[in-house]
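Report on the structure given below.
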Amino acid sequence: MKTASFTVRASQEQAIRWNRAAEAEGHRSAGTWLAAAADAYLRVRAKAGLPLPLAWRHGAFLVRLEDGAEPRVRGWVAPPFGLYRGSPEGPIPHGSTHLYSLAYLPEGRIVATFRRAAQCKALASELAAIWARCSREDGVGAGLIVERHAREAK
């Protein structure tokens, strides 16, 4: 299993509370307790239907276009989503459009196209929460959320 390390700054009072809580719950350290607390927080957000924070980074991914072609496009990736500048017809060079498409990466399927990248990111966060809660891509209400985002984007 790959692991990552984080440095967390805390006041003296916070450190005391965290160490007590970690010890009370049987954790080896405040760090393992903080990891469990963060995971529990994200699970509660997902169950409540709140948008999940996604970490977007530049990258390339495959997308299935309207004509059936599956080019590798450059854009932003936050698994299981990717977004690129362009439409379902294909990518469009920087500066020549104000269209962005959100794709579901496991299938390369385009979920929606909006005028702003922020709209794609907001939809992805909402869908991630639903799909995490339902443990499947076709979660209840996903289609309604896509429709609502499309309606609000007009």
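Of note:
- Residue among 68, 82, 75, 86 that is more than 15 Å from the chain's Cα centre (by Cα), in the same structural domain as residue 129 (by TED's automatic domain parsing) and surrounded by 15 or more Cβ atoms within 10 Å (Cβ to Cβ): 86
- Checking each residue of the range 44-57 against the condition of being assigned to a strand (DSSP E or B), under 15 Å from residue 108 (Cβ atoms) and modelled with pLDDT of 90 or more gives no match.
- Here is the figure for the range 61-110: residues that are touching a Ser or Thr at 6+ places or on another chain (Cβ under 8 Å), in a strand (DSSP E or B) and among the hydrophobic types (A, V, I, L, M, F, W, C) total 3.
Residue by residue, here is whether (1) of a type in the set (Val, Ile, Thr); (2) more than 30 Å from residue 18 (Cβ to Cβ) holds:
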{"residue": "33", "(1), (2)": "no, no"}
{"residue": "36", "(1), (2)": "no, no"}
{"residue": "74", "(1), (2)": "no, yes"}
{"residue": "85", "(1), (2)": "no, yes"}
{"residue": "99", "(1), (2)": "no, yes"}
{"residue": "104", "(1), (2)": "no, yes"}
{"residue": "111", "(1), (2)": "yes, yes"}
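The values are calculated or read from the model by the stated rules, or taken from the named source; none is laboratory data. Owing to the predicted nature of the structure, the values given are computational and were not obtained by experimental measurement. Heads up, the Cβs are rebuilt from the backbone with ideal geometry, glycines too, and the neighbour counts pull from every protein chain shown.
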